[in-house]
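Written out below as structure tokens is the structure these notes cover.
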Amino acid sequence: MKVLFAGKDSDTVSHYNWVYFFSCVLLIGLCLSLVWAGAVIIYFGIHPEEIQVVDTGSAFQVRAPWGGVMRMSYLEFPDRFYQELPDGRTFLFTFVLVAILTRTLPYLLIVCFLMRILRSIAKAHTPFLPKAVDSIRYIGYCFLVMGLLGKLIYQSVISVAVFGELFFENPIQWKEVFFAVLLLLLADIYKRGCALQQESDETL
């Protein structure tokens, strides 16, 4: 396995390697998820008659012909929305596209920025880099957008397109907002670290 951070502390090297390894796994998984979602849209776009929305008693779901399920839980919308099955084609395409926009793509960006940080550290052998500061800040912005707009867009678009009625409830996801605040603070700390690193290099 490639050593990302050349230092005397072997534990640090191990941590960076494991983070890079799991980042690669996440990146591959998210890309495969996008490919699978695209294949679902293409297949059901060609064969819309095969779309079957099933009411499981706790969720609406559509099963892809080669495996995998798109499921929308009752917990995300009021009871009145589940009195009858929605139009299958509208439900499927809206659900898949909105899920990609509000969930898959933001996490894909986060993983890409994380890998950018690790690659920068591997080249410079120091974590205090302007690229690292920018990437941490961008990750924070991704979490902030997800926390403030992700659930709002998801509920609003699906409620209007699928059920014909605008609905959203408690749209702010505080966990993501909390992560965003911590990461933006960390970016400022790293920025100060970069300045101190530069001063030290210039002194030497």
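The values are calculated or read from the model by the stated rules, or taken from the named source; none is laboratory data. None of the values given here were measured: they were computed from a predicted structure. When we count neighbours, we look across all protein chains shown, and the Cβ atoms used for this are built from the backbone with ideal geometry, even at glycine.
Test Arg103 against the criterion of being closer than 23 Å to Val25 by Cα and under 19 Å from the mean Cα position of the chain (by Cα), and give yes or no. For Arg103, the condition - closer than 23 Å to Val25 by Cα and under 19 Å from the mean Cα position of the chain (by Cα) - is met.
When Leu105, Leu92, Leu118 are screened for being hydrophobic (A, V, I, L, M, F, W, C) and surrounded by fewer than 17 Cβ atoms within 10 Å (Cβ to Cβ), only Leu105 passes.
Could we say that Leu186 is on the phi < 0 side of the Ramachandran plot, surrounded by fewer than 19 Cβ atoms within 10 Å (Cβ to Cβ) and at pLDDT 90 or above here?
Details: on the phi < 0 side of the Ramachandran plot: yes; surrounded by fewer than 19 Cβ atoms within 10 Å (Cβ to Cβ): yes; at pLDDT 90 or above: yes.
It is true that Leu186 is on the phi < 0 side of the Ramachandran plot, surrounded by fewer than 19 Cβ atoms within 10 Å (Cβ to Cβ) and at pLDDT 90 or above.
Among all residues of region 60-72, there is at least one that is under 15 Å from Val157 (Cα atoms) and touching a residue at least 24 places away in the same chain (Cβ under 8 Å). So which residues in region 59-69 are more than 15 Å from Pro48 (Cβ to Cβ), touching a helix residue (DSSP H, G or I) at 6+ places or on another chain (Cβ under 9 Å) and in a strand (DSSP E or B)? Ala59, Phe60 - these are the residues of region 59-69 that are more than 15 Å from Pro48 (Cβ to Cβ), touching a helix residue (DSSP H, G or I) at 6+ places or on another chain (Cβ under 9 Å) and in a strand (DSSP E or B).
The residues on offer are Ala37, Ala6, and the sole one that is at pLDDT 80 or above and either of a type in the set (A, V, I, L, M) or in contact with a strand residue (DSSP E or B) (Cβ under 8 Å, 6 or more places away or on another chain) (or both) is Ala37.
Can you work out which of the residues in region 56-89 that are of a type in the set (Asp, Glu) and modelled with pLDDT under 90 is surrounded by the most Cβ atoms within 10 Å (Cβ to Cβ)? Taking the candidates together, the pick is Glu76. Scanning region 73-119 for residues that are over 15 Å from Tyr138 (Cα atoms) and either assigned to a helix (DSSP H, G or I) or hydroxyl-bearing (Ser, Thr, Tyr) (or both) yields a total of 26.
Gly193 meets each of the listed conditions (1) in contact (Cβ under 8 Å) with a residue 60 or more places away in the chain; (2) part of a loop (DSSP other than H, G, I, E, B); (3) surrounded by 15 or more Cβ atoms within 10 Å (Cβ to Cβ) apart from (2). Within region 40-79, the set of residues being under 23 Å from Lys151 (Cβ atoms) and either among the polar types (S, T, N, Q) or touching a His at 6+ places or on another chain (Cβ under 6 Å) (or both) comprises Thr56, Ser58, Gln61, Ser73. Residues considered: Val96, Val157, Val111, Val162. Of these, the only one that is in contact (Cβ under 8 Å) with a residue 24 or more places away in the chain, more than 30 Å from Val53 (Cα to Cα) and of a type in the set (A, V, I, L, M) is Val111.
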